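The values are calculated or read from the model by the stated rules, or taken from the named source; none is laboratory data. Everything numeric here is computed off the predicted structure, so don't read it as measured data. Because the Cβ atoms are built from the backbone with ideal geometry, glycine has one as well, and the counts that use them run over all protein chains shown.
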Amino acid sequence: MPKSTQLDNTEKAVIYSTTACPIGKSLVKRVAQDELLTVMPRNPQKYGTAIDSGRHRLLSVQAERDDCRKASNSTKSANQIRSEIPENVSKTTILRTIHRSGRLVNTPMKAAPRLQQRHKNERLQIARSNMTTDWNKIIFSDEKKFNLDGPDGYAHYWRDLRKDPKSKRNFGGGSLMVWAAFCGNGTVALSFIGTRTNSQDYQQLLAQHLLPYLRRRRRANMIYQQDNASVHASNSTLAWFAAKNVVLLDWPACSPDLNPVENFMVSPCTKGLRECQAVYNGQRSEKERFVPSGMVWTSHCCNHSLAACRTGFFEVAQKQGGITHY
């Protein structure tokens, strides 16, 4: 039922003068068309000051706290929370309760490795042992896969209703696997490798790209860094490193946040990737479009990335082996 408007000062004066005698009160009750004409004279001082609280909430204060506690730092949906509480309320009520709390927001989950205590101990030990390391002598390396039709799990796009819908790939779609290495002097190598690589393929890649660089700088005492992938840490690969006198940097497991190549490849390689996606219909080779945009790592960019790596190791020490803010 809609609310009626409140009385103005003139109407209030008429009611005050009319209700001054008993006859006037009965007259007002007979002719009053608005409930306000009978309500206002009862308590003129509080008329118009009452706060309308609206409809009563279905959940009590304690129930709302319980709902917010269930949603705190969890991936539960509103329907899942609704099924766990005894009250019979709708999904919308649960969402309103969460939003009304003011301390819960829906935000994408940050991608980070799940560290166990042994991982943290190893990260802390290596961070402390490399506090005084000359990072210009470290050759950082990593592999990265790029899908030409979007990242893995890509399911949303801006669909034009005037055009036929696009379908999600079940397999294939085209991809590029890139191995890259750099140091303080700039890019060491950028090479395309197969998406399925064994230890022999990896050793052949290093013999083609890493060893020539080390020979040219044999007096610099360069150290090679790699993660703990199976083809990197296999007995065959470790024996190959020993035979070629390649010094390896001890690297903790589950530590992509400490490798500058992990994020260093994103900006230049993504630029080349977008060019590859634009010509994915086969007009040109993907590698022909990718390489010019990927080979743009200057010594200034490398030094900036190495400075961030040095800061990351200090942050690991401060967080007792925890994840950095990469």
Quick check on this structure: which one of Tyr202, Tyr213 is assigned to a helix (DSSP H, G or I), out of contact with any Phe, Trp or Tyr (no Cβ under 8 Å at 6 or more places or on another chain), farther than 20 Å from Arg118 by Cβ and touching a residue at least 60 places away in the same chain (Cβ under 8 Å)? Tyr213
Conditions (1) assigned to a loop (DSSP other than H, G, I, E, B); (2) without any contact (Cβ under 8 Å) to a residue 40 or more places away in the chain -> Asn79 fails only (1)
Taking Ala207, is it modelled with pLDDT of 90 or more, over 28 Å from Ser129 (Cα atoms) and exposed (fewer than 13 other Cβ atoms within 10 Å of the Cβ)? yes
Residue under evaluation His325, criteria (1) under 28 Å from the mean Cα position of the chain (by Cα); (2) surrounded by 13 or more Cβ atoms within 10 Å (Cβ to Cβ); (3) at pLDDT below 85; (4) not in a helix (DSSP H, G or I), criterion not met: (2)
Flagged in region 308-321 as more than 12 Å from Asn259 (Cα to Cα) and either at pLDDT below 90 or part of a helix (DSSP H, G or I) (or both), in numbering order, are Phe314, Glu315, Val316, Ala317, Gln318
What pairs come out if I take residues in region 238-253 that are more than 13 Å from Ile139 (Cα to Cα) and in the same structural domain as Ala127 (by TED's automatic domain parsing) and pair them with residues that are of a type in the set (S, T, N, Q) and part of a helix (DSSP H, G or I) whose C-beta lies under 6 Å away, six or more apart or interchain? Trp240/Gln203
Hey, Lys145 part of a loop (DSSP other than H, G, I, E, B), modelled with pLDDT under 90 and basic (Lys, Arg) or not: no
Residue tally, condition in a loop (DSSP other than H, G, I, E, B), surrounded by 13 or more Cβ atoms within 10 Å (Cβ to Cβ) and of a type outside the set (Val, Ile, Thr), over region 82-110: 2
From Thr75, Thr93, Thr38, Thr19, which residue is at pLDDT 90 or above and polar (S, T, N, Q)? Thr93
Among the residues in region 162-179, are any in the same structural domain as Ser255 (by TED's automatic domain parsing), closer than 20 Å to Ser234 by Cα and at pLDDT 75 or above? yes
Starting from region 302-313, keep only residues that are farther than 17 Å from Ala180 by Cα, then list their pairs with residues that are modelled with pLDDT of 85 or more and of a type in the set (Val, Ile, Thr) whose Cβ atoms are within a distance under 6 Å, requiring at least 6 positions of separation or different chains. Gly312/Thr324
Out of (1) modelled with pLDDT under 70; (2) surrounded by fewer than 19 Cβ atoms within 10 Å (Cβ to Cβ); (3) assigned by TED's automatic domain parsing to the domain that holds Arg128; (4) at negative phi, the one Gly282 does not meet is (4)
In region 186-204, which residue that is out of contact with any Ser or Thr (no Cβ under 6 Å at 6 or more places or on another chain) and under 19 Å from Lys137 (Cβ atoms) is surrounded by the most Cβ atoms within 10 Å (Cβ to Cβ)? Val188
Can we say Leu115 is within 23 Å of Ala229 (Cα to Cα), touching a residue at least 40 places away in the same chain (Cβ under 8 Å) and part of a loop (DSSP other than H, G, I, E, B)? yes
